[in-house]
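Heads up, the thing below is written out as structure tokens.
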Amino acid sequence: MSLESFLYTVGSTAESAFGKCMDTIREFLFPAPSVKPPGLKITRGVMEKRNFTFHELISLHLQLCFMTYLAVSFVLVFLTTRPWYIPALSIPYFLYLRYFLIRYGSFLIEEKPYRVFYYGISTISFLAFLGYSLLKLASPEIYHYYAYVGIIALAVLLFRHYFKATFGRDYTYGTVEEVKGDLVRVFIHDDIAANIKPGFYWLPAVEEAEPGRVVKVLVEDRTFRSARPVRILEIYLGQSSQSSTEPKEETE
């Protein structure tokens with residue numbers, strides 16, 4: 001290969017790599033809703049093992065991202081004295097959170113509650129860690145720390161009250177999977193508005209509860225714990241679902 005051909009190949013490769021890099025950055029900063037579900041290898045195994053849907057896959061991924069952000073921020077706050085580390089970590093996190101919710105939010109059964117929750121709780125966490133880092137620089141008395149922790153706790157409780165007042169409900173939806181005597185086995189999706197975890201639940205049987213039918217389920221709220229399904233309130237006749245537990249008229 002001549003020197004001229006070699007240089008041309010190197011230049012073409014560099015130009016192609018630069019173009020792909022710019023396309024990736026552009027897609028990350030200005031995401032568009034995807035028509036394909038995310039290919040998340042880490043959480044996909046959990047979905048397949050427990051027979052969950054893409055709704056649970058996305059919800060679990062959001063939880064893992066948030067918990068990782070909390071853990072890394074906690075380490076930075078207590079092991080360093082430089083507040084700028086917190087924004088340096090938070091900016092990529094918020095950009096990724098925005099990208100992921102815009103890109104794959106349509107695969108959530110009800111997108112807005114998840115978007116408001118994760119934006120809200122992430123913002124409170126960012127302000128809490130940044131404020132604590134700045135507070136450390138002033139070397140305050142111990143009661144200043146107690147007061148600051150109290151303020152953060154109050155902010156979390158106020159956000160929790162706002163979220164429940166805006167999106168909270170005492171019911172969710174499920175799909176009947178099995179009927180056995182006086183009990184029915186119902187699969188319920190992860191539902192942040194009803195504060196319930198995904199899974200299979202045994203509930204008292206009702207008439208016309210057949211496998212595949214979509215049902216409305218009453219849930220009992222429990223303080224600082226996930227809600228508990230209590231009983232079936234309504235059966236949506238003629239509707240069945242393999243991937244979504246919410247009736248069509250509720251989602252359209």
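The values are calculated or read from the model by the stated rules, or taken from the named source; none is laboratory data. Bear in mind the structure is a predicted one, so any value in this text is a computation, not a measurement. Note that each Cβ is placed from the backbone with ideal geometry, even for glycine, and that neighbours are counted across all protein chains shown. These area figures cover heavy atoms from the full protein model, side chains too; ligands, DNA and RNA do not enter into them. Shrake-Rupley method; radii C 1.70, N 1.55, O 1.52, S 1.80 Å.
Look at the range 51-88 and say how many of its residues are under 19 Å from the mean Cα position of the chain (by Cα) and either closer than 29 Å to Ala32 by Cα or open to solvent by less than 20 Å² (accessible area, probe 1.4 Å) (or both). Even if it seems obvious, please write down each step before you answer.
Here is the first cut: in the range 51-88, the ones under 19 Å from the mean Cα position of the chain (by Cα) are 51-73.
In the following step, the residues that additionally are either closer than 29 Å to Ala32 by Cα or open to solvent by less than 20 Å² (accessible area, probe 1.4 Å) (or both) were identified as 51-70, 72-73.
Looking only at that region, the number is 22.
Among the residues of the range 138-156, is any touching a Phe, Trp or Tyr at 6+ places or on another chain (Cβ under 7 Å), surrounded by 12 or more Cβ atoms within 10 Å (Cβ to Cβ) and at pLDDT 95 or above? The answer is no; no qualifying residue exists. Being at pLDDT 85 or above, farther than 26 Å from Ser125 by Cα and not in a helix (DSSP H, G or I) is a condition met by at least one residue of the range 16-33.
Looking at the range 157-178, which of its residues are more than 25 Å from Val230 (Cα to Cα) and surrounded by fewer than 12 Cβ atoms within 10 Å (Cβ to Cβ)? Listed by number, the residues that qualify are Leu157, Leu158. If you check Ala153, Ala193 for being without any contact (Cβ under 8 Å) to a residue 24 or more places away in the chain and under 27 Å from the mean Cα position of the chain (by Cα), only one passes: Ala153. Where strands (runs of 3 or more DSSP E) fall wholly inside the range 182-240, the ranges with 1 or more residues that are basic (Lys, Arg) and at pLDDT below 90 are 213-222, 225-240.
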